[in-house]
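The values are calculated or read from the model by the stated rules, or taken from the named source; none is laboratory data. This one's a predicted model, so the numbers in the text were calculated from it and none came from an experiment. Here the Cβ is made from the backbone with ideal geometry for all residues, glycine too, and neighbour counts use every protein chain on show.
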Amino acid sequence: MNTLRIFLIALGMALGLYACSTEEFEGPSIVVLLGEFDILDSLRVTDSNPDFSVNDVVGFHAEFNKEVDWTLVIEGVTTGSRKVITGFSSRLDSNAVVWTGGTSQVPFFTTEDCTVELTVLDEPDTMRTELTVAGTRVFEGIPVADFEEGIPEEALVFHQFSQNMTFEVAQDDPLMGANYFKMGGRMGWNEWMLGQIDFPLDLSAVTADAENFYLNLGVLSGMDGALATDQYVNILISESTAPFNDNTFNNGADVFTTDMEVYKYQIRPVDWIGWRYVAIPYSDFEVKSQGGDNVRTPADISAIRLQCQSCPSANANCPENADVDVRTDIDFVMFTENAPLLDQ
Amino acid sequence: MKPVRVLPLLLPALLIGSALSAQTDETVWFDGQSRSFFSRDALGEMDRPDTTSPRNLSEGYNLLDLNTHIEPAENLEVFAQLRVRNRFGGFFGAGTTIDVRQLRASGVIQDKVRFSIGDLYLKQSRFTLFNPDEDLVRNEGEAFRAYRDIVHYENFYEDNRWRLQGIQTDFSMRFDRSIRTLEFDAFLTRPRGSESLTSTLFTPDLLMAGGSVASQMGRKTRVELNWVNLFEVPSSGTTHQSLRNPVVRAGIERQDEMGNWTVRHAVEGGYAQRHWLFSQLEDGGADTAGYRTEGVYIELRSEPMRLDSLWSFHYGVRHVDPGFRSGGAQTRRLDLGGSVPLMVYPTYSDEVFDRPVAMFDLMASDGVYNQMLSATLMDFHPVYSNVLPYGDATPNRQGVFLQVNRRHAQGEWDVQLDGGAFREIIGQGTPDLRQFHLLAGRLAWRAGRTLGWNRTVDLAVGADVEQTSRTGEPLAAVDLSRRVLDVSANVEVADRLFLQGAIKRLDAQGNEFITERNGFGSIRTFRAREYDVSDHILSAGLWYAFSDAVYANVQYSGWGSSLADPLQPDFNYRRLLFVFSVRL
């Protein structure tokens, strides 16, 4: 039968092609994957004294006998800052597994000694080494305020005049550099907003869209280990083209009124003690007032307002706040394009 | 469904429409689909209390898909499907959406060349362009038809075709010598447009082109040649990599008559190659190709059938290389990659656990289904389908298959048996090969006919068993068995009113290794998994058929999973469903 002949010839060709294959099996060996773990080459760094201010890069190298889930942790001895890098491979390639001085968890690294630990999931071995940071990382972004020179001249600060109001630059516990901005106090009447700081901005050179444009800021909370109930940072971003501060008789900038294009985001609640560094994509901001086209356009941003707010103790809203100071201090406020600052 | 961009789709229709506006013999007609859907889900008996999930929740909508057919000239038709959907609870227009769901212009040029532009439903062969059935659908009873109708309709699944957007044309020629016909078909579609990865990084357009030539050689022999290419256009994006996945296929069929039997013999084979092109233009270098795989397939089959069609067989052998990659034929309907959240109670046990996917999700959640061709092998669940998870084109399989159909002369009953025995061609993670066995059977008894009743009484029972094993190295051993039982009844209790009941139960025990692949389809690692699952759906309801095109269905179902895992509690839920469907 002709058909059968054709089939047999074709089958022979197919099997011939198969026979040419030199692969023993596809993928990594299961026996090795599930077998005993072995370190072929322990942890090494390419630079044990990096100066990140001149763009030094530290590479990490290690080799195992199989592909594993590994975690590399660099921790500053002085600051306690931690950079965590994870991966799944049988080898840490020093060209690919690198550290450029950033952190995964604030505070930021300073010039300090660091411990480096490499651990493998489900394995008891820990590989260790050390390095010393000779110069700290200069992050790329569009700075709003780091308060190193005090409150920026063009910024506007307003706060209520109740108890312990602190809307000023302080030096006792900065996140980055020497200064930070305190926002806190205790409200004596039925008012949520304690105070605010407004900054004018010109971001016309920005090309990123809202999904890829991030507001980054550090928020410090917890006065003497105590937290006020429902305290939060209210953030307003304006795309209004109105003058920033023509009316000097109101309590802030003029570009956040209800007839203007304003977007809002709340870091709420601020319920942690110490610093936390937050990154918010601009696309996560909601429309506060429908004064514009409702399209978040980073290049059109003209001002930002950072407000300290909290549930008031008055009128039995949050009576427990009568004895607690609200604290939502800020530092190192910066916009970044394409990625959050801590991912740099 | 996401709202589509109306303007680009309307443009061809408007151009054609305006060009022909001077015609006076225009014909317009309408058809479509209307559906009212209401479901109420409730917590059932749980292993552990669930105090954070609502005890019950309801969802529903009304929709109307209005198809407008305009025939502005002879042999020319413009088709538009507009969807108006109103979610229950929407008030004063809130929750109401209006979408253009489909648009197509089609016609015949000079009574010879047929063409279509817009939304196309395309299928070629099982190894080049084909939309294989979803998992666990075999043997399913009539009681679950309302669910399946919705899943298929919402995902544009029609006869194993993929819905693609582009242009298609075909024409044929007839001869009176040894070559009787020559048929040509060609298409160019865009399954996916450029997508933004970051503000400066865009994926290129994904296109699929294809063509076929088929010829009837004499009375008994038919020859086919198919070609498809799933590829990306580098210039339409800013990434430096683009896909190439050409597949060619040739087949020959011959039909003979032997006494009371007709026998169709067929042999077919093909070659596929897939690689990514890495552009080095910015560095001034030449393009390079990477992640290259290639492979062949071959299939020989025979299909004897008695002239009275009471008996038919379908059997053959098949070999599909490990490197045979055909995005058009190996893309799965079910997207079990975890990117689509489950629609009903996605978490449970006080939101401590993500609920594992269950058999009911495959039936009731049209969102877990996929409409996009995939260039790489998609994830699958070995409990639901492990023998041929990518249909007949599943790579790394060789073996035999058999199907037997037996039908009663008066249509009182019919029986279907399916079987297959396959093995891997190359091992995964070990030189040892998996062995696969598949056996499925279904008996449908039209008891009403047998007993001489005037009303319909249909009973069906089906079983579907898959067995996977791998011996050799104990660390890499595999032993997984899965059984699915389907029992259904459809009884006409009054004129056009049917009482329906169905049981669907799945049991699986054993172990398997889940294959994890990287973005280029290469195996990254294997994850060992143990399974001891018992999954069930019990359903009872009423079906009223106003006509063949109009029905109302109300049914109550209980479903859940028993996982035999102390760390993962069992779960059970209930659902009340009402569907009123009208095909206009």
Among (1) more than 15 Å from A:VAL206 (Cβ to Cβ); (2) at pLDDT below 95; (3) of a type outside the set (Asp, Glu), which single condition is A:ARG305 missing?
(2)
Scope segment A:280-302; condition surrounded by fewer than 17 Cβ atoms within 10 Å (Cβ to Cβ) and among the small types (Gly, Ala, Ser); matching residues
A:SER283, A:ALA299
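Tell me yes or no: at least one residue of segment B:349-358 is assigned to a loop (DSSP other than H, G, I, E, B), more than 13 Å from the chain's Cα centre (by Cα), acidic (Asp, Glu) and closer than 30 Å to B:PHE571 by Cα.
Yes.
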Residue satisfying condition, being in contact (Cβ under 8 Å) with a residue 40 or more places away in the chain and not acidic (Asp, Glu), within set B:LEU459, B:LEU499
B:LEU499
Being closer than 30 Å to B:SER581 by Cα, in contact with a helix residue (DSSP H, G or I) (Cβ under 6 Å, 6 or more places away or on another chain), at pLDDT 95 or above and away from chain A (no Cβ under 14 Å) is true for just one of B:LEU506, B:LEU485, B:LEU538, B:LEU499. Which residue is that?
B:LEU506
Quickly run through segment A:77-116 and pick out the residues that are surrounded by 14 or more Cβ atoms within 10 Å (Cβ to Cβ), more than 14 Å from the chain's Cα centre (by Cα), closer than 28 Å to A:LEU220 by Cβ and aliphatic (A, V, I, L, M).
A:ILE85, A:VAL116
Evaluate the following for B:ARG190: is it over 20 Å from B:PRO234 (Cβ atoms) and either away from every other protein chain (no Cβ under 14 Å) or aliphatic (A, V, I, L, M) (or both)?
no
Looking only at segment A:303-328, how many residues end up being buried (at least 21 other Cβ atoms within 10 Å of the Cβ) and in a helix (DSSP H, G or I)?
1
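For the structure I just gave you, tell me whether A:GLY274 is surrounded by fewer than 20 Cβ atoms within 10 Å (Cβ to Cβ) and either over 17 Å from the mean Cα position of the chain (by Cα) or of a type in the set (S, T, N, Q) (or both).
So A:GLY274 does not fit the description; no.
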Any hit, segment B:433-441, residues being more than 27 Å from B:GLY510 (Cβ to Cβ), of a type in the set (Lys, Arg) and free of Cβ contacts under 8 Å to residues at least 60 places away in the same chain:
no
With the structure loaded, tell me whether B:VAL247 is of a type in the set (A, V, I, L, M, F, W, C), surrounded by fewer than 17 Cβ atoms within 10 Å (Cβ to Cβ) and either assigned to a strand (DSSP E or B) or free of Cβ contacts under 8 Å to residues at least 60 places away in the same chain (or both) or whether it fails that test.
no
Being part of a strand (DSSP E or B) and either surrounded by fewer than 24 Cβ atoms within 10 Å (Cβ to Cβ) or among the polar types (S, T, N, Q) (or both) is the filter here, so list the residues in segment A:186-196 that pass it.
A:ARG186, A:MET193, A:GLN196
Go through (1) more than 30 Å from B:SER557 (Cβ to Cβ); (2) assigned to a loop (DSSP other than H, G, I, E, B); (3) of a type in the set (Asp, Glu) and name the single condition B:GLU134 misses.
(1)
Would you point out which residue out of B:THR52, B:THR97 is surrounded by fewer than 17 Cβ atoms within 10 Å (Cβ to Cβ), closer than 30 Å to B:VAL352 by Cβ, touching a residue at least 60 places away in the same chain (Cβ under 8 Å) and among the polar types (S, T, N, Q)?
B:THR52
Out of the residues in segment B:143-185 meeting the condition of being hydroxyl-bearing (Ser, Thr, Tyr) and out of contact with any Gly (no Cβ under 7 Å at 6 or more places or on another chain), tell me which one is surrounded by the fewest Cβ atoms within 10 Å (Cβ to Cβ).
B:THR181
Give segment A:96-128 a look and list any residue that's over 18 Å from A:PRO174 (Cα atoms), in contact (Cβ under 8 Å) with a residue 24 or more places away in the chain and in a strand (DSSP E or B), or say none.
A:VAL98, A:TRP99, A:ASP113, A:CYS114, A:THR115, A:VAL116, A:GLU117, A:LEU118, A:THR119, A:VAL120, A:MET127, A:ARG128
Return only the number of the condition from (1) touching a Ser or Thr at 6+ places or on another chain (Cβ under 7 Å); (2) away from chain A (no Cβ under 14 Å) that B:VAL478 does not satisfy.
(2)
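Matching residues to (1) within 14 Å of chain A (Cβ to nearest Cβ); (2) closer than 21 Å to B:GLU134 by Cβ; (3) surrounded by fewer than 16 Cβ atoms within 10 Å (Cβ to Cβ):
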| site | (1), (2), (3) |
| --- | --- |
| B:THR293 | yes, no, no |
| B:TYR297 | yes, no, no |
| B:ASP308 | no, no, yes |
| B:ALA329 | no, yes, no |
| B:LEU342 | no, yes, no |
| B:ARG355 | no, yes, no |
| B:ALA358 | no, yes, no |
| B:GLN371 | no, yes, no |
